Amino acid sequence: CERRFARPIGDGDIYLESYYFGPLKVDVGHSTLSNWEKEVDDVVVRCEADASKIGAIAGFVTALPLYGDDVVERLKKRMETYPDDLADKVVRTHRRFFVPGYLVNQAYKRGDMLAYCDGLCLMVKNLLDILAGLNRVYMSTEEPRWLDYYLSKMPIKPDRMAERIQEVLAFDGEGSVGSLEGMIVDVLDLIHEHMPDINGDYEKRWRGMTVEGCPDMPELGDA
């Protein structure tokens with residue numbers, strides 16, 4: 001095989017290599033055990049809602065050891081319990097939604113397609129991260145892959161979640177936004193059901209606000 005590069009990542013003892021086996025690209029990450037145990041503690045002990053660290057743990061809990069089975073199993077046991085404080089922080093961190101009507105009237109209908117598409121994707125990722133917290137599932141949408149797998153591990157979710165996400169990602173204007181805002185309502189209901197103390201005034205404010213279209217530019221008085 002051919003090694004294309006090897007370099008450190010950040011300030012810690014973390015390194016990344018990339019190899020090519022013909023057309024197959026293989027990325028290999030390295031970390032010292034002490035650095036990895038600290039990152040695990042940051043999440044499972046100190047309950048930091050850090051997307052990169054949560055994503056790394058999500059990969060580790062499903063990893064197959066090539067060497068050091070006993071070490072891997074010992075570390076996996078520390079990740080078996082998803083702390084309630086972490087779930088709370090994850091849900092609060094990602095409970096950020098555009099006001100109803102914004103994506104249609106201030107993005108799509110104005111031709112701001114980047115804002116429209118980016119907003120749809122951002123809201124879908126926030127919903128998925130919230131569901132991960134509600135279900136105590138290690139998952140991060142920093143690299144949003146294996147969606148069907150993670151949804152299969154989440155009993156707490158809106159009906160037809162996978163299909164509705166596909167409807168949103170069809171990017172068909174008002175239809176996509178309608179599917180998205182319906183999912184937001186359903187997820188807010190799930191938060192209220194499973195974490196009744198978390199929403200507070202946020203849910204009331206979100207449900208009570210809207211952005212309406214303004215086809216004609218209003219006249220403005222003298223400044």
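LEU64 - would you say it is closer than 29 Å to ASN135 by Cα, open to solvent by 50 Å² or more (accessible area, probe 1.4 Å) and touching a residue at least 24 places away in the same chain (Cβ under 8 Å)? The answer is no for LEU64.
The set of residues in region 136-150 being among the aliphatic types (A, V, I, L, M) and within 17 Å of GLN166 (Cα to Cα) consists of LEU147 alone. Among the numbered conditions (1) open to solvent by less than 50 Å² (accessible area, probe 1.4 Å); (2) polar (S, T, N, Q); (3) more than 19 Å from the chain's Cα centre (by Cα), the only one that THR210 does not meet is (1). The single condition from (1) at positive phi; (2) touching a residue at least 24 places away in the same chain (Cβ under 8 Å) that ILE198 fails is (1).
Looking at this structure, is TYR102 open to solvent by less than 60 Å² (accessible area, probe 1.4 Å) and either touching a Gly at 6+ places or on another chain (Cβ under 8 Å) or in contact (Cβ under 8 Å) with a residue 40 or more places away in the chain (or both)?
Numbers: open to solvent by less than 60 Å² (accessible area, probe 1.4 Å): yes; either touching a Gly at 6+ places or on another chain (Cβ under 8 Å) or in contact (Cβ under 8 Å) with a residue 40 or more places away in the chain (or both): yes.
Answer is yes for this residue.
Conditions tested, residue by residue: (1) under 10 Å from the mean Cα position of the chain (by Cα); (2) surrounded by 20 or more Cβ atoms within 10 Å (Cβ to Cβ).
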position	(1), (2)
LEU127	yes, yes
LEU134	no, yes
TYR138	no, yes
GLU143	yes, no
PRO155	no, no
ARG160	no, no
GLU163	no, no
GLN166	no, no
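So, in region 9-18, of the ones that are open to solvent by less than 80 Å² (accessible area, probe 1.4 Å) and touching a strand residue (DSSP E or B) at 6+ places or on another chain (Cβ under 9 Å), which residue ends up farthest from LEU33 (Cα to Cα)? Walk me through it before giving the result.
Filtering region 9-18 for residues open to solvent by less than 80 Å² (accessible area, probe 1.4 Å) gives 9-10, 12-14, 16-18.
From what's left, touching a strand residue (DSSP E or B) at 6+ places or on another chain (Cβ under 9 Å): 9, 12-14, 16-18.
On the way: ILE9: 16, GLY12: 12, ASP13: 9, ILE14: 10, LEU16: 15, GLU17: 18, SER18: 21 Å.
The qualifying residue farthest from LEU33 (Cα to Cα) is SER18.
In region 107-122, the qualifying residues are those that are surrounded by 21 or more Cβ atoms within 10 Å (Cβ to Cβ) and not small (Gly, Ala, Ser), and the one that is nearest to ILE57 (Cα to Cα) is LEU120.
The values are calculated or read from the model by the stated rules, or taken from the named source; none is laboratory data. Remember, it's a predicted structure, so these values are computed and weren't measured experimentally. Heads up, the Cβs are rebuilt from the backbone with ideal geometry, glycines too, and the neighbour counts pull from every protein chain shown. Just so you know, the surface numbers come from the protein's heavy atoms only, side chains and all, with ligands and any DNA or RNA stripped out. Shrake-Rupley method; radii C 1.70, N 1.55, O 1.52, S 1.80 Å.
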